[in-house]
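Undergrad: Have a look at the structure that comes next, please.
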Amino acid sequence: MRLPGRYDGVARPIVTYGSNPVLHRPCTEVTVFDRALRHLVLDMFASMAAADGVGLAANQIGVDARVFVIECPDADGEDVLGYVVNPALTILDPVGDEPAAEVTEEGCLSVPGPYAELERAFRARVDGVDVNGQPTSIEATGMAARCLQHEVDHLNGLVYVDLLSEELRERLLAEAAGPEGELPA
């Protein structure tokens, strides 16, 4: 679902891994569709753009709400742009000669810096509603499908490093923290 003026919001700081409990628990379903929700989505687009990201979940800016935004290329290089409130993820079967899944590098604004290879479904869809409570969905392939899965994971309280081995997760969190250890682990 497109949102006119999507970059008219205010960029908010990104919550980093371990710094705020909202990043590590399932987000609350949105039940009020008002001006504040529209402003949240606008702020999320602005925050994503300011952080040079391709997707952002509400809890990544400290908001406990099942909302995400995306602007990410699909398998054909076409940008998938939109947002979904209260998304439900469906992993879709491959079409034609598409792979069912692919392993590629994945990163996260909440774990700034490092990337790790992670297997994700090649094709996915999210169904939910827009800021007016009307049904909407996004179906995507490739990196955009990975982004849909990544953002729904966030809304379920999971960060991509949580899906990795403990050893790799600890190494990536230490790398993201940097020499001064400014990222909480």
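The values are calculated or read from the model by the stated rules, or taken from the named source; none is laboratory data. Keep in mind that what you see is a predicted model, and the values were worked out from it rather than measured. So basically every Cβ, Gly included, is an ideal-geometry build from the backbone, and we count neighbours across all protein chains shown. The accessibility values were calculated without ligands, DNA or RNA, using every heavy atom of the protein model including side chains. Shrake-Rupley method; radii C 1.70, N 1.55, O 1.52, S 1.80 Å.
Undergrad: For segment 116-150, give me each residue that is farther than 19 Å from ALA57 by Cβ and either open to solvent by less than 10 Å² (accessible area, probe 1.4 Å) or of a type in the set (S, T, N, Q) (or both).
TA: Scanning segment 116-150 gives ASN132, GLN134, THR141, GLY142.
Undergrad: Give the residues of segment 82-113 that are open to solvent by less than 40 Å² (accessible area, probe 1.4 Å), in contact with a strand residue (DSSP E or B) (Cβ under 8 Å, 6 or more places away or on another chain) and among the hydroxyl-bearing types (Ser, Thr, Tyr), sorted by residue number.
TA: TYR83
Undergrad: Another question, if that's okay. In contact with a Lys or Arg (Cβ under 8 Å, 6 or more places away or on another chain) and part of a helix (DSSP H, G or I) - does that describe any residue in segment 77-99?
TA: No - not one qualifying residue is present in segment 77-99.
Undergrad: Looking at segment 158-185, which of its residues are assigned to a loop (DSSP other than H, G, I, E, B), in contact with a strand residue (DSSP E or B) (Cβ under 9 Å, 6 or more places away or on another chain) and either of a type in the set (Gly, Ala, Ser) or modelled with pLDDT of 95 or more (or both)?
TA: VAL159, LEU164, GLY178
Undergrad: Considering only segment 19-31, I want to know if a residue exists there that is among the polar types (S, T, N, Q), open to solvent by 40 Å² or more (accessible area, probe 1.4 Å) and within 25 Å of GLY113 (Cα to Cα).
TA: Scanning segment 19-31, I find at least one residue that is among the polar types (S, T, N, Q), open to solvent by 40 Å² or more (accessible area, probe 1.4 Å) and within 25 Å of GLY113 (Cα to Cα), so the answer is yes.
Undergrad: Let me confirm something: among ARG38, ARG2, which residue is at pLDDT 95 or above, surrounded by fewer than 22 Cβ atoms within 10 Å (Cβ to Cβ) and within 19 Å of ASP127 (Cα to Cα)? Steps first, please.
TA: Working: ARG2 fails: at pLDDT 95 or above.
ARG38 is the lone residue from the list that is at pLDDT 95 or above, surrounded by fewer than 22 Cβ atoms within 10 Å (Cβ to Cβ) and within 19 Å of ASP127 (Cα to Cα).
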